[in-house]
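What follows draws every value from the coordinates through simple rules; no lab data is involved. Computed from a predicted model, the values in this text were never measured in an experiment. With ideal geometry, Cβ positions are generated from the backbone for all residues, glycine too; neighbour counts draw on all protein chains shown.
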Amino acid sequence: MRRTISLDGDWERRDFLDEGWRWSDALVLPADCTELLVLEVVYRVDGRAPVESRRLFSRTADLEPLRRVALAELDATVAMDGPDGWAVRLSVEGAAAAIEVRLADARKVGWPERVGAAYSGTNLVTLLPGDTRTVAIEWRDVDPADRGVRLTGWNVSPRVLTSG
């Protein structure tokens, strides 16, 4: 299924896709839809669990309309998921979408080299108004006292999340 949505959630179109569908297939949009849209595709491969993908795109020649997007009210909370896992819950509270939210290891890069890593199930998320999504973070060989995730995005206030 393909869903095309305006960033404010006021306009939406759904299409059902056949097996031969490709990202490059033409998408017909009405003349009155917004400049920035989110294309969401949910598909299954060989009967496995559904995969969801969202892509931001513009009806203009470039992504200049992104400069006018309001700051998103994004709530982010961390819950422990086992001894080495976090469940980071992201939720858009206001009327503006949170565009291309990224979660990354917050430890400094440099000398001496940092040990271990944080792996996320999803690393680039666009959330529409009212959306909630949980992103799994797996810590490998990182002391619990050193764990932190940097949250950034196109129109969100950057911050560092910790489990405590």
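Summary of computed values
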| item | result |
| --- | --- |
| Matching residues in region 77-99 - criterion: being outside any loop (DSSP other than H, G, I, E, B) and surrounded by fewer than 18 Cβ atoms within 10 Å (Cβ to Cβ) | 77, 78, 79, 80, 85, 87, 89, 91 |
| Any hit, region 114-132, residues being among the aromatic types (Phe, Trp, Tyr) and over 27 Å from residue 164 (Cβ atoms) | no |
| Output for region 129-164, where each listed residue is in contact with a Gly (Cβ under 8 Å, 6 or more places away or on another chain) and touching a residue at least 60 places away in the same chain (Cβ under 8 Å) | 129, 130, 161, 162 |
| Subset of region 54-76 (residues that are among the charged types (D, E, K, R), assigned to a loop (DSSP other than H, G, I, E, B) and within 19 Å of the chain's Cα centre (by Cα)) | 73 |
